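The values are calculated or read from the model by the stated rules, or taken from the named source; none is laboratory data. What you are looking at is a predicted structure, and each value in this text was computed from that prediction instead of being measured. Here the Cβ is made from the backbone with ideal geometry for all residues, glycine too, and neighbour counts use every protein chain on show.
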Amino acid sequence: MAARGGRFVVFEGGEGAGKSTQIELAERRARQAGLEVVTCREPGGTPFGEAMRSALLHTGAISARAELLAFNAARAELVEVVIAPALERGALVLCDRFTASTVAYQQYGRGLDARLVEAAIALATEGVTPDLQVLLDVDPATGLERAGADRDRFEAEARAFHERVRVGFLAQAAARPERWLVLDGALAAERVADEVWAGVGRVLSGA
Ligand code: TYD
């Protein structure tokens, strides 16, 4: 991978944590600051990725290993076509979910072996890693309520699954605190946005 000048900030969290609102608010502030901003989401962000997204969210049961590979196939395309080129141009990339979601959902949620998950992620990312991961932490009961009644394959999972996912995110943040900003997703959006922007500012200034 060529040297990169951009910055890569990822928004993570369970269902209904408010990630899309926070990405919109951060994007607006970054544009006002005159930065080149590229936003994307996982799974998705490319024609292939969007096709994988509808397969992953709306088809019936998928085996856990097929699910792991499908998320990472979509990710490989997104990294190669969107994220790596944007970082090489020096852009600020804001992404709705990335590799920590795979660890939280496929490893902690589904129970897949950590080494399998790590290998799939390594293949998909070729070493592209976030400069900062913002965890919008929310109690699954609150998050699922926000997500509404029209549930996709993950939202329809049992409460215990979503509790494991939450533990998975918190464990990753606790293991690498310098790479994470953990915020309470239940707080008012503007207040969370101020903290997100302060974190992005630290990343941009290299602090
Ligand atoms: P999405 O609509 O992005 O969920 P949300 O609106 O809550 O962010 O749907 C993506 C779903 O896919 C979400 O339930 C999490 C799951 N997911 C994984 O299980 N593994 C992954 O690697 C990624 C990126 C997402």
Of the residues that sit in segment 7-32 and are modelled with pLDDT of 95 or more and of a type in the set (A, V, I, L, M), which one is farthest from LEU144 (Cα to Cα)? ALA30
Just for helices (runs of 4 or more DSSP H) wholly inside segment 136-207: which have at least 3 residues that are at pLDDT 95 or above? 159-175, 189-204
Among VAL82, VAL9, which is the only one that is under 25 Å from PHE154 (Cβ atoms), of a type in the set (A, V, I, L, M, F, W, C) and in contact with a Gly (Cβ under 6 Å, 6 or more places away or on another chain)? VAL82
When LEU57 is evaluated against the numbered criteria (1) over 15 Å from the mean Cα position of the chain (by Cα); (2) closer than 17 Å to GLU126 by Cβ, which criterion, by number, is the only one it fails? (2)
Go through the residues of segment 115-130 one by one and say whether even a single one is surrounded by 14 or more Cβ atoms within 10 Å (Cβ to Cβ), outside any helix (DSSP H, G or I) and under 16 Å from the mean Cα position of the chain (by Cα). yes
When segment 145-189 is examined, which residues are found to be more than 27 Å from THR129 (Cα to Cα), among the acidic types (Asp, Glu) and exposed (fewer than 14 other Cβ atoms within 10 Å of the Cβ)? GLU145, ASP150
Pairing a residue in segment 75-87 that is under 13 Å from PRO130 (Cα atoms) with any residue that is in a helix (DSSP H, G or I) and within 16 Å of the ligand (Cβ to nearest atom), where Cβ atoms lie under 6 Å and the two sit 6 or more apart in sequence or on different chains, gives VAL79/THR125
List, please: which pairs have Cβ atoms under 8 Å, are six or more places apart or on different chains, and start with a residue in segment 92-117 that is on the phi > 0 side of the Ramachandran plot and end with one that is in a helix (DSSP H, G or I) and basic (Lys, Arg)? ARG97/LYS19
Unmet criterion (only one of (1) surrounded by 14 or more Cβ atoms within 10 Å (Cβ to Cβ); (2) of a type outside the set (Asp, Glu); (3) more than 18 Å from ILE23 (Cβ to Cβ); (4) touching a strand residue (DSSP E or B) at 6+ places or on another chain (Cβ under 9 Å)) for VAL203: (3)
Scan segment 103-113 and give yes if some residue there is within 10 Å of the ligand (Cβ to nearest atom) and hydrophobic (A, V, I, L, M, F, W, C), otherwise no. yes
